[in-house]
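The values are calculated or read from the model by the stated rules, or taken from the named source; none is laboratory data. On a predicted model such as this, the values are computed, not experimentally measured, just so you know. Here the Cβ is made from the backbone with ideal geometry for all residues, glycine too, and neighbour counts use every protein chain on show.
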Amino acid sequence: MAGHGLSIKKSELQDKYDVVVIGAGVGGLVSGAFLAKRGKKTLVVEQHNIPGGYCTSFKRGAYIFDSAVHHIGGCSKYSIVGRCLKELGIELEFFGLDPMDSLIFPSFSIDIPADIESYKSSLQRRYPAEKDNISRFFSEFIKLYRAIINESENSPTLQKYREQTYGVMLDSFFDDLELKTVLAGQWGYLGSPAYEVSSIGMCQMLVNYLRDGAWYPKGGTQNFANAFAKSLRDSGGDLLLSSKVKEIFLRDNKVAGVRLDGGEDVKAEYVVSNVDAKQTFSDLIKEEVDPAYMDRIRGMKESPSYFLLYLGLDPNVDLSNFKRGFYHSPNNQWKYVSAPTKVDPSLATKGRQEITVVATTEEKYDEVKDWKGLKDRLTKCTIRYLEDFVPNLERHIEVVDAATPKTLWRYTLNSKGAAYGWAVTLDQTGPGRLSNKTPVDNLYMAGHWTNPGPGVCAVVSSGWRVANMILENGR
Ligand SMILES: Cc1cc2nc3c(=O)[nH]c(=O)nc-3n(C[C@H](O)[C@H](O)[C@H](O)COP(=O)(O)OP(=O)(O)OC[C@H]3O[C@@H](n4cnc5c(N)ncnc54)[C@H](O)[C@@H]3O)c2cc1C
């Protein structure tokens, strides 16, 4: 549905572009849109038949489902996504989500307001013995956030937290275990639990959501991706869908162009890779790249992948008490459950409702032999789990679909269906993450395998930053 009219045909390809972007994930689309707007002859090549990567939607009968992304940070007009949309002249409608999420634990639940001061006060009322520590924590968190945003490399705050996991940071402020569990309750957004995830990564993500709220693009997340694809096309850039790049060719360690799956060669002065870093350096480049860099990539660890469930429900289902957010179970297992039609009823016809679930899985990707069997088993278990929160759920189901890590891999080619590129651990955040500039001349990376990190807001920033780097070099 969504790719219609946005793609050029292979016969319309030019021999040579200033920039070829591999992958039409949000990071690639943003880079391409800025480069085209600033007059660079730009081509974005995407293997799927729609743009957006994880930020896509699909239709099943009366329902439009979002494939993966359920909300986006930084969309108000002064934040990164809002400013990016304005610069590109894109107008998009969003629903602001408040509470931004709820945290549901086996013995209690708590709503997280989309405003840092309200959140702070609600925590102070709930945990009066920790009142002053809560104030100190949020002041420090905001100070750290400013240091990250201003890239103040010499800031002692930034240097201190480079060495600390978020769990250690929380221990240094609080005694109350329940409070620490609440403040870590959204770790699923970065995929690594409190004592593994970088405090800097958590700060960047949480403060961004708490300062600016969480936003849902009207009509579904595909509309967000399509808006950048359209901007690229309106500025004279080309988007080629349903085509895979199978090689980046180099001359004297400098990019010279790309080869497509049909054998077509396209020359390019610059290449932006918006795709998996392992794929970029191990599969697409056939020449030898700096051995130290290759060793570093081989030693890095991907973020986890998930099981996803999509349910289309008849209009009689009662979701009035249903809460969107993280449903936690013991042993660091969680499910992110949402009902997108409660935010945007236009996603389904005639009052129908949707529930979607993102769930952790214990299976190791390389050990799964029967993906179909796993999908069926997890579908059944997850529906049974939801019955505790939505009585008689099964009776209301009109459409069921599901995705495993293998599905996520198939649609995006992220290694093992990694949700967030590299895991957001201490050694893979900030300078530990691969930088946008690579050891290959004129080859850049944009997206969640590079800086600043995962999430739509971060990859918008990454794509914009890479476009600026190329525009500055090109002067
Ligand atoms: C289940 C799930 C839920 C999430 N929820 C949220 C959320 O609510 N909010 C949020 O902000 N973030 C969320 N994220 C994270 C977020 O979606 C990602 O970090 C972000 O979208 C990644 O964008 P990207 O630009 O790096 O590229 P990707 O989305 O990874 O896209 C890369 C693109 O490159 C294409 N490609 C790959 N190889 C080739 C090739 N050789 N040739 C041509 N094309 C190629 C792929 O098909 C794909 O379209 C979620 C992720 C998952 C998996």
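Just a few scattered comments:
- With a requirement of 3 or more residues that are within 14 Å of the ligand (Cβ to nearest atom) and more than 16 Å from the chain's Cα centre (by Cα), the strands (runs of 3 or more DSSP E) lying completely within the range 1-97 that satisfy it span 16-22, 42-45, 94-97.
- Yes/no for A467 being surrounded by 24 or more Cβ atoms within 10 Å (Cβ to Cβ) and more than 11 Å from the ligand (Cβ to nearest atom): yes
- V207 vs. criteria surrounded by 21 or more Cβ atoms within 10 Å (Cβ to Cβ) and either of a type in the set (V, I, T) or not assigned by TED's automatic domain parsing to the domain that holds S76 (or both): no
- Selected residue (criterion: nearest to S192 (Cα to Cα)) from residues of the range 392-439 that are more than 16 Å from the ligand (Cβ to nearest atom) and in a loop (DSSP other than H, G, I, E, B): P439
- Every residue from the range 212-242 that is surrounded by fewer than 21 Cβ atoms within 10 Å (Cβ to Cβ) and polar (S, T, N, Q): N223, S235, S242
- Within the range 62-100, the set of residues being charged (D, E, K, R) and in contact with a helix residue (DSSP H, G or I) (Cβ under 8 Å, 6 or more places away or on another chain) comprises D66, K77, E87, E91.
- Taking every residue in the range 317-343 that is within 21 Å of G219 (Cα to Cα) and within 12 Å of the ligand (Cβ to nearest atom) and pairing it with any residue that is acidic (D, E) and part of a loop (DSSP other than H, G, I, E, B), at least 6 positions away or on another chain, yields no pair with a Cβ-Cβ distance below 8 Å.
- Here L413 meets the list (1) under 17 Å from F281 (Cα atoms); (2) under 13 Å from the mean Cα position of the chain (by Cα); (3) among the hydrophobic types (A, V, I, L, M, F, W, C) almost entirely, failing just condition (2).
- Evaluation of P431 against (1) under 23 Å from T165 (Cα atoms); (2) modelled with pLDDT of 95 or more (one fails), failing number: (2)
- Members of the range 243-276 found to be buried (at least 23 other Cβ atoms within 10 Å of the Cβ) and either over 18 Å from Q14 (Cα atoms) or basic (K, R) (or both), listed by number: S273, N274, V275, D276
- Of all residues in the range 241-282 being within 14 Å of the ligand (Cβ to nearest atom) and charged (D, E, K, R), the one that is nearest to the chain's Cα centre (by Cα): D276
- Exclusive hit being without any contact (Cβ under 8 Å) to a residue 40 or more places away in the chain and either outside the structural domain of E87 (by TED's automatic domain parsing) or in contact with a Ser or Thr (Cβ under 6 Å, 6 or more places away or on another chain) (or both), set G27, G32, G39, G5: G5
- Flag for G89 being closer than 26 Å to F228 by Cα, at pLDDT 95 or above and touching a Gly at 6+ places or on another chain (Cβ under 6 Å): no
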